[in-house]
Every structure is written in C-alpha cells, then in structure tokens.
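What follows is a set of notes on a single structure, which appears directly below.
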Amino acid sequence: MSQPKYIVIGAAILDILARPVDASIFETGSLPAGTITMHTGGDAMNEARVLADLGADVSLVSKVGTDPAGDLVLSACKDLHVDTTYIRRNAAIPTGTNIVLVDQKGERSFITCPDSTLRKFFPKDVPDAALKGGDILSFASIFVSPHFGNRELADLFSRAREAGLTVCADMTKRKKGETIQDMRECLSYLDYVFPNYEEAALLTGEKDFDRIGDAFLSCGTGHVVIKAGAKGCYVCTEGLRFWSPAYEQARCIDTTGAGDTFTGCFLYALGQGFSLENCARFANAGASLCIEQTGAVGAGTNIQKIIKRAGL
C-alpha cells in the first residue's frame, strides 16, 4: 500500500511554556517555575509534527515572519522532513509567539499577539498548487484565523475536494458568537471534523453528545469526532455511533497540544486504512503520550508504544 501524503494548513508559531504557574504571579510579581521551555507550536505545526514523527509524508501550508522565531519553525520542519514549499515568509509581520502558562493540573492559559502571523494568515496564502499531489487535507483549525470565515473555508474545502483530497478540519472556540448554521456551507464539505466537547457545544448550542453529532451531520459533515479529554472521544456518522475511552493510566503533566496530537494520530491511522474504531483508539493513545510531556511535542516517534496503549 502506498503511503498517503498529508497537507496541513494553519498556524505555525513559537510557544514559550512555564509550569507550574498559578494566579499568584499577579500578586507576587515573581514566581519560580519548575520548567520554562520553548517549543514550536500552533495547531498546524503540531499536527504536522505528529504526522512526521510517525513517518508520514507531510506538507505544511502556513506563514511565518523573517525573524528568529520564523527561523526556528523552518528549522524544526527541516529536522522533521516536513515539506515547507508553501510556508510563506513576510518581513512585515512577526512570527506568532505564545506565552503558555500551565497550572498544577496541566491545564493551560495562552497569551497571544493579534498582530502576528497567528492572525494574519489569509486565503491567498493557500494557492491551488499547495493542494496538488496530496491525499488527506487537514485545516487546523477553524476559528483560529479571522480571515477564514465560512465563505473562505467553503471555497478552500471545495477546491480541496476538486483536487481529490479527503477534507478534514480541527476546531477551536468560536470567536464572534458563530452558530453552526453560520458555518453550514463549509461544514458540508468536510469528511471529518474534530472539535472538542466545549467547542462543539458552543457552536451547536447543544449539550448532549448525540445532539451535537446530529447538528454537524445535518450540515453534511461525514464523520464527527468529538474530543472529550479524560473520557476519550465520541464518534458519530449517519450509521455508527460509539465512545472510545481514553488511556486511563496516563499521568497528566501538560495538556498543551493534546488535541492536535489526537487529530494527527487519527489522521495517520486513517491513512493507514484502520477502521474507524481503531483510528479513535490510536488517537486516544497518542494523546495520552502527549500529556505526559511538557509542550506540544506530540506523541514522539514511539509508534509501538501508541499501538500497545491502544491495544491494537
């Protein structure tokens, strides 16, 4: 079986993480952290890293500045053998840099800059040529870039469909009170969507997992995979619904990048021809490895450990 090529579109930035950090920093003015580290980040970069670590053929479509942070992103891609042909560089815009504060439970808060490449990624930064020669596309993720609304995403996803790609998208929290009806057109082009529970509940206005799944399916989305943290994930299609439990023995240090790792692992398994149930198990296992490390470093290269945790 030939190996599929993945095209991942979205943010590639730099994350500076400190853990553990709590609200007392704003009262004391200084706080010792156990670790302060710097990693590449951004949803698309995270997914591309996971896929590349697992041995996949990956092209990253993104934008960075001509600053040292941008150099670090491109250097990391080179080390991972990620194709950077369609990563644009813009000297007038700084590369997105996030300050990530991680608390004692591994939950994180972000400080971002709206005038960086994180929010200055445009539809024109994704030319038709970037969609050629691939098999699976992941837009990672909806609502990150303000310049990719329903209409722009529908155009991109329809072009991807015309190019013969399986079209997938991750998601973050809505930014402008959007409803699922506002996003109906672009969602109709998706073969797979990967929201977490909070993101999906906000967008659909529903709280029940089945009703959330129904809302996406009614828009024409083929497969709805709802990430539910320590519970695992819930998968909905027109003919199949099931829970896939999380790996219970994971020791949570930092949840940064866990959702992106889940998506990357799911897409890898999908490209390998796994069943839907085994894709979910593989993704849960990969995410469990991510939360045991600091930063959005994915599941590493230990595919055998993922397989063992997934029970495959």
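The values are calculated or read from the model by the stated rules, or taken from the named source; none is laboratory data. If you're wondering where the values come from, they're calculated on a predicted model, not measured in any experiment. Counting neighbours? That spans all protein chains shown, and the Cβs are built from the backbone with ideal geometry, glycine included. Just so you know, the surface numbers come from the protein's heavy atoms only, side chains and all, with ligands and any DNA or RNA stripped out. Shrake-Rupley method; radii C 1.70, N 1.55, O 1.52, S 1.80 Å.
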Q: Kindly indicate whether Val8 is more than 22 Å from Phe148 (Cα to Cα), in contact with a strand residue (DSSP E or B) (Cβ under 6 Å, 6 or more places away or on another chain), of a type outside the set (S, T, N, Q) and surrounded by 22 or more Cβ atoms within 10 Å (Cβ to Cβ).
A: no
Q | Subset of segment 108-146 that is among the small types (Gly, Ala, Ser) and in contact with a Phe, Trp or Tyr (Cβ under 6 Å, 6 or more places away or on another chain) - its residue that is farthest from Arg49 (Cα to Cα) | A | Ser145
**Q.** Single unsatisfied condition, Ala228 versus (1) out of contact with any Lys or Arg (no Cβ under 9 Å at 6 or more places or on another chain); (2) buried (at least 24 other Cβ atoms within 10 Å of the Cβ)
**A.** (2)
Q.
Please pick out the residue among Ser138, Ser109 that is in contact with a strand residue (DSSP E or B) (Cβ under 8 Å, 6 or more places away or on another chain), under 30 Å from Ala250 (Cα atoms), open to solvent by 20 Å² or more (accessible area, probe 1.4 Å) and small (Gly, Ala, Ser).
A. Ser109
Q: Give the residue that is surrounded by the most Cβ atoms within 10 Å (Cβ to Cβ), with candidates limited to residues of segment 123-133 that are touching a residue at least 40 places away in the same chain (Cβ under 8 Å) and either touching a helix residue (DSSP H, G or I) at 6+ places or on another chain (Cβ under 7 Å) or among the aromatic types (Phe, Trp, Tyr) (or both).
A: Val126
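Of the residues Ala154, Ala201, which is of a type in the set (A, V, I, L, M, F, W, C), in contact with a Cys (Cβ under 6 Å, 6 or more places away or on another chain) and either crowded, with 17+ Cβ neighbours inside 10 Å or under 21 Å from Leu240 (Cβ atoms) (or both)?
Only one candidate qualifies: Ala154.
Of the residues Thr35, Thr40, Thr97, which single one is polar (S, T, N, Q) and either without any contact (Cβ under 8 Å) to a residue 24 or more places away in the chain or farther than 24 Å from Cys252 by Cβ (or both)? Walk me through it before giving the result.
Working: Thr35 fails: either without any contact (Cβ under 8 Å) to a residue 24 or more places away in the chain or farther than 24 Å from Cys252 by Cβ (or both); Thr40 fails: either without any contact (Cβ under 8 Å) to a residue 24 or more places away in the chain or farther than 24 Å from Cys252 by Cβ (or both).
Thr97 is the lone residue from the list that is polar (S, T, N, Q) and either without any contact (Cβ under 8 Å) to a residue 24 or more places away in the chain or farther than 24 Å from Cys252 by Cβ (or both).
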(Q) Every residue in segment 25-41 that is closer than 21 Å to Gln293 by Cα and out of contact with any strand residue (DSSP E or B) (no Cβ under 8 Å at 6 or more places or on another chain), please. (A) Pro32
Q: Determine, yes or no, whether Met45 is open to solvent by less than 40 Å² (accessible area, probe 1.4 Å) and closer than 30 Å to Gln104 by Cβ.
A: yes
(Q) Consider segment 107-143. How many of its residues are part of a loop (DSSP other than H, G, I, E, B), modelled with pLDDT under 95 and of a type in the set (A, V, I, L, M, F, W, C)? (A) 2
Q) Does Asn284 count as open to solvent by less than 30 Å² (accessible area, probe 1.4 Å) and not basic (Lys, Arg)? A) yes
